[in-house]
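These notes concern the structure reproduced below.
The values are calculated or read from the model by the stated rules, or taken from the named source; none is laboratory data. This is a predicted model, so every value here is computed, not measured. FYI the Cβ positions are ideal-geometry reconstructions off the backbone, even for glycines, and counts take in every protein chain you see.
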Amino acid sequence: MGNYIKEILLITFLLTSIVPSPVVAQVWELALFYDGEILRADREVQPPQNLISGKTAAPSRIIDSKYSIRVLSEGTEMYQQQIRPQRGPQTVEVPYMAMADTIEIRTGDIRTTVIDISESRACFPNGVCEFERGENELTCPSDCFNRSGTQYSAETQALLQRENGVIRDQEGTVLLDVREEPTESSERRFDSDSSSPGTGPLILGVFLVFGAGGYWIYRKVKKS
């Protein structure tokens with residue numbers, strides 16, 4: 001039952017994460033090395049992962065290759081990218097996912113590298129919005145998107161009370177807003193002085209989310 005609930009929360013996160021937001025896209029840039037047989041992290045680069053803002057990873061592709069990179073949350077695969085590596089050092093980008101805690105590099109069924117990215121995790125779907133753990137309407141909409149019935153941790157409630165019901169970052173972007181009648185509705189998603197981000201990134205985001213979600217559901221059905 002516990003695993004079933006976790007799977008439902010994961011699906012909810014994937015679906016709600018397509019809500020438009022001003023969060024800058026992020027990717028993990030991975031330093032890899034291929035010796036002609038084994039693909040692994042480049043031991044000359046420490047740490048092998050680098051979180052980069054302002055970039056969007058290309059959609060995952062399923063190709064005929066035994067070399068893959070997998071992004072996981074508590075052991076559940078959220079994303080997989082198969083690649084055809086070139087001999088020697090190289091870099092590969094995979095999307096940042098707020099729920100992810102591990103990146104695996106595989107050669108066939110062999111895990112050649114396991115990278116711990118739990119320190120960057122910002123979403124712990126449990127039905128409670130916990131701002132003190134990095135959760136907000138942008139990083140963890142499944143827990144924090146303001147709607148009837150949203151629950152907040154004691155620390156988050158205290159902070160919301162001190163901030164008169166709205167929490168912003170240093171740039172003024174709204175992270176949490178529990179006001180019944182926000183007077184700055186346009187500010188919640190886009191600064192009024194900034195230009196619209198366009199539909200291209202949103203369409204790509206929808207494609208990535210449903211692609212990852214469909215692949216994940218396919219894996220679950222295949223295992224059952």
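Being over 18 Å from A25 (Cα atoms), modelled with pLDDT under 90 and not acidic (D, E) is the filter here, so list the residues in segment 51-82 that pass it.
R61, I62, I63
Find the residue count for segment 73-91, including only residues that are hydroxyl-bearing (S, T, Y) and either out of contact with any Ser or Thr (no Cβ under 9 Å at 6 or more places or on another chain) or farther than 30 Å from N126 by Cβ (or both). Break it down into steps so the answer makes sense when it comes.
Residues of segment 73-91 hydroxyl-bearing (S, T, Y): 73, 76, 79, 91.
Keeping just the survivors that are either out of contact with any Ser or Thr (no Cβ under 9 Å at 6 or more places or on another chain) or farther than 30 Å from N126 by Cβ (or both) gives 76, 91.
The total comes to 2.
Among E104, E180, E135, E163, which is the only one that is over 30 Å from I38 (Cβ atoms) and either touching a helix residue (DSSP H, G or I) at 6+ places or on another chain (Cβ under 7 Å) or touching a residue at least 24 places away in the same chain (Cβ under 8 Å) (or both)?
Values: E104 fails: over 30 Å from I38 (Cβ atoms); E180 fails: either touching a helix residue (DSSP H, G or I) at 6+ places or on another chain (Cβ under 7 Å) or touching a residue at least 24 places away in the same chain (Cβ under 8 Å) (or both); E163 fails: either touching a helix residue (DSSP H, G or I) at 6+ places or on another chain (Cβ under 7 Å) or touching a residue at least 24 places away in the same chain (Cβ under 8 Å) (or both).
The match here is E135.
Which pairs do you get when a residue that is within 19 Å of R111 (Cα to Cα), found in segment 50-69, comes within reach of a residue that is modelled with pLDDT of 90 or more and surrounded by fewer than 13 Cβ atoms within 10 Å (Cβ to Cβ), reach meaning Cβ atoms under 8 angstrom, with the pair 6+ apart or on two chains?
These pairs meet every condition: I63/R84; S65/R84; K66/G108; Y67/R84.
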